[in-house]
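Trainee: Let me give you the structure first, and then I'll get to my questions.
The values are calculated or read from the model by the stated rules, or taken from the named source; none is laboratory data. It should be emphasised that the depicted structure is a prediction, and the values quoted were computed from it without experimental measurement. For neighbour counting, all protein chains shown are included, and Cβ atoms are generated from backbone atoms with ideal geometry for every residue, glycine included. These accessible areas exclude ligands, DNA and RNA; they are computed on the full protein's heavy atoms, side chains included. Shrake-Rupley method; radii C 1.70, N 1.55, O 1.52, S 1.80 Å.
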Amino acid sequence: KNSYITLNGVCGNAVFQFLKEHPAVDSVVLCLDSDKAGEKACLRLTGELKEAGFCNVRRLRSSLKDWNEDLLQREEENREWELEMNGKGESTCSLQQC
């Protein structure tokens, strides 16, 4: 249902190539870093996409500087929760085991 494209920085070439190859795609969600370069690129890409006729463009922001930091924080929180649950004698399992 969804497609994910890495920009390898802030260049939009990959997005425009994908959209050219998949004309049925009608919306774009930008998930760039929450730093100055990401902010600037998001504004630029949004403008370029709208100029190209893609009106449904929005941004999803990471909580921290970038998405990798968000994932690392989530993993740490999950680890802490598991340690806490194990200390209370409760069993935990991964999603694959349940």
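Trainee: Provide the net charge surrounding Phe54, with neighbours chosen by a C-beta distance below 15 Å and charges set as Lys +1, Arg +1, Asp -1, Glu -1.
Mentor: That sum, taken over residues with Cβ under 15 Å, equals +1.
Trainee: Sticking with this structure for a sec: What is the log10 of I(q)/I(0) for the range 42-85, computed with the Debye formula using one identical point scatterer on each Cα and no solvent, at q = 0.16, 0.26, 0.29, 0.31 Å⁻¹?
Mentor: So the normalised log intensities are -0.59, -0.86, -0.92, -0.97.
Trainee: Right, something else. To the nearest 10 degrees, how steep is helix 36-51 against the longest Cα principal axis of the chain, on a 0 to 90 scale?
Mentor: 50 degrees
Trainee: For Lys40, go through the aspartates and glutamates and keep the ones whose alpha-carbon is under 15 Å away, minus same-chain ones fewer than eight residues off.
Mentor: Straight-line reach from Lys40, under 15 Å: Glu48, Asp66.
Trainee: Taking the solvent-accessible surface of protein heavy atoms with a 1.4 Å probe, what is the per residue accessible area of the chain in Å²?
Mentor: Using a 1.4 Å probe on heavy atoms only, each residue of the chain averages 79 Å².
Trainee: Let me ask another. Contact order normalised by length for the chain, with contacts defined as Cα pairs under 8 Å and 6 or more residues apart; what percent is it?
Mentor: Relative contact order comes out at 22 percent.
Trainee: Helix-only estimate, please: 222 nm mean residue ellipticity of the chain, summing -39500 (n - 2.57) across DSSP H runs of length 4 or more and dividing by its residues, to the nearest 500.
Mentor: -15500 deg cm²/dmol
Trainee: Select from the range 13-86 those trypsin sites (Lys or Arg not before Pro) which occupy a DSSP coil region and have at most 13 other Cβ atoms within 10 Å, ordered by residue number.
Mentor: Taking the range 13-86 and a limit of 13 other Cβ atoms within 10 Å, the loop trypsin sites (Lys or Arg not before Pro) found are Lys65.
Trainee: Within 13 Å, Cβ to Cβ, of Ser34, how many net charges do the neighbouring residues add up to if Lys/Arg are +1 and Asp/Glu are -1?
Mentor: Values: positive: Lys36, Lys40, Arg59, Arg61, Lys65; negative: Asp33, Asp35, Glu39, Asp66, Glu69, Asp70.
Within the 13 Å Cβ shell, the charges total -1.
Trainee: Let me ask something additional. For volume of the Cα convex hull per residue in Å³, the listed values are (i) 125; (ii) 116; (iii) 99; which was obtained by calculation from the structure presented?
Mentor: Answer label, from the structure shown: (i).
Trainee: Next up: Where does the charge balance sit around Phe16 when Lys and Arg score +1, Asp and Glu -1, over other residues with C-beta under 12 Å from its C-beta?
Mentor: Overall, the nearby charge balance is -2.
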